[in-house]
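Reviewing the structure listed below.
Bear in mind that the values in this text are calculations on the coordinates, not laboratory data. The structure displayed is predicted, hence computed values, not measured ones. Here the Cβ positions follow ideal geometry from the backbone for every residue, glycine too, while neighbour counts run over all protein chains shown.
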Amino acid sequence: MKPKILITRKLKSESIAPLYENFDVDMWNLEDEVMPRDQLLDRVKGVNAILCILTDNIDRELLDAAGDQLSVVGTVSVGFDHIDTAELEARNIKLESVVGILNESVADLTIALMINSSRRISESIDAARNGEWSTWSPYWLTGRDLSQSTVGIIGLGAIGEAVAKRLSGFGCNVIYNSRSPKPELEQSLGVSYRNLDDLLAESDFVTIHNALTPETEKMCNSEFFSKMKNTAIFINTGRGGLVDQEALYDALSSGQIYAAGIDVTTPEPLPTNHPLFSLKNCTILPHIGSASIRTRDEMVESVVRKLASHL
Ligand code: GLV
């Protein structure tokens, strides 16, 4: 009998082709639709591997439903806050995720959000489209420059590093905060360490790249925003759970901070009547950080390879 793999999303058949010869593959077949939880709990029974994505909650209930033969869970994501890793470890189930592949795409989108929020690109597109463009005007839709600004990066992992590299091309002064200073990177990246309070006080842009853990959950709260400059811009391409969204709304609507650009929210999708959508100085993207065709294909293919080699 071939080992069984459950794939929780419809993926490109050419990306999963290597699995068909040696494995019994059960793939959800509705495009862009989540496999409902009851189906997941049913179809996971007896599988040896699960290939999931970040909307699947891989918890104790699901692992119980799968059974003892489950030996590996692969997620097409770099983050794994949707997976109970302690439970996997206790059951000796291997976790495979995406390593390295998406850093450049997410860093590109982070820079895009910085420029969008500082130069008011979304507002400008709406203004042109809605007929508000009467004449060239010296002070209309003026924003702030990324060039020569001070950018504070919170979390100097691989994505934070990729962001820092790009910022050197903009002549930015890049400062960072992480659990401990990383002197080995400071010279090569041209960045310098600050404690969190100093970073917030000095930065024109604050971008957060921490993993979501119980320690980092809602770390961007009202106290955090109150330490930022009134002219500063907040960027989040990590996880929505890092932010207290009510505090972000208050900071943006009161002028405590200048603008925000976020690719991640709680929940996802964010309901269209959410107050953050009513703010001109808040740009919200639908979690597309890694969504380039090349990156998404490579993410799937790398996890497919890892699962196959594990099994
Ligand atoms: C995306 O957010 C990921 O974790 O890959």
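Descriptive notes on the structure:
- Percentage, to the nearest whole number, of Cα pairs in the stretch 216-290 over 19 Å apart: 25
- For the chain, a Gaussian network of Cα nodes joined below 10 Å ranks 236, 210, 92 by mean-square fluctuation, and the top entry is 92.
- Summarising the amide proton neighbourhood of residue 77: residues at separation of 5 or more, or on other chains, whose placed amide H is nearer than 5 Å comprise 98.
- Couplings 3J(HN,Hα) for the stretch 36-48, derived from phi with the Karplus relation 6.51 cos²θ - 1.76 cosθ + 1.60 (θ = phi - 60°), are x, 4, 5, 5, 4, 5, 7, 6, 7, 4, x, 7, 9 Hz, where x marks Gly and Pro.
- Fully extending the segment from residue 115 to residue 305, taken as 0.36 nm per residue of separation minus the present Cα-Cα distance, adds 64.7 nm.
- Per-residue Karplus couplings for the stretch 59-76, computed as 6.51 cos²θ - 1.76 cosθ + 1.60 with θ equal to phi - 60°, are listed in order as 10, 4, 4, 5, 5, 4, 5, 5, x, 5, 6, 5, 10, 8, 10, x, 10, 7 Hz, Gly and Pro entered as x.
- Amide H contacts under 5 Å for residue 94: 72, 73, restricted to partners 5 or more places along the chain or on a different chain, H placed in the peptide plane at 1.01 Å from N.
- Inter-centroid distance (Cα atoms) of the stretch 75-104 relative to the stretch 249-268, Å: 28
- Working note: 222 nm ellipticity from helices only, DSSP H runs with n ≥ 4, each -39,500 (n - 2.57), summed and divided by the residues of the chain, gives -10000 deg cm²/dmol to the nearest 500.
- Only one residue of 231, 181, 141 has its Cα farthest out toward the positive end of the dipole of the chain, where Lys and Arg carry +1 and Asp and Glu -1 on Cβ, and that residue is 141.
- Under the Debye formula (equal points on every Cα, no solvent term), log10 I(q)/I(0) of the chain at q = 0.09, 0.14, 0.15 Å⁻¹: -0.52, -1.08, -1.18
- Pairs with C-alpha atoms separated by more than 29 Å, drawn from the list 10/165; 12/182; 45/306, are 10/165; 12/182.
- Spatial separation of Cα centroids for the stretch 181-243 and the stretch 108-129, in angstrom: 21
- Between residue 280 and residue 41, the FRET efficiency estimated from the beta carbon spacing at R0 = 45 angstrom works out to 0.55.
- Overall, the ratio between the Cα radius of gyration of the stretch 103-284 and 2.2 N^0.38 Å, rounded to two decimals, is 1.01.
- For residue 27, nonlocal amide neighbours, meaning residues 5 or more places apart or on other chains whose placed amide H falls under 5 Å from its own, are 7.
- For the pair residue 197 and residue 69, the difference between a 0.36 nm per residue extended length and the Cα-Cα distance amounts to 41.2 nm.
- Given +1 at the Cβ of Lys and Arg, -1 at the Cβ of Asp and Glu and no other charges, the dipole of the chain around its Cα centre is 580 debye to the nearest 20.
- Relative packing of 10-22, 268-280, which averages over residues the other C-beta atoms within 10 Å, highest first: 10-22, 268-280
- Derived scalar couplings ³J(HN,Hα) [the stretch 176-184; Karplus, 6.51 cos²θ - 1.76 cosθ + 1.60; whole Hz; x for Gly, Pro]: 9, 10, 8, 3, 9, x, 10, x, 5
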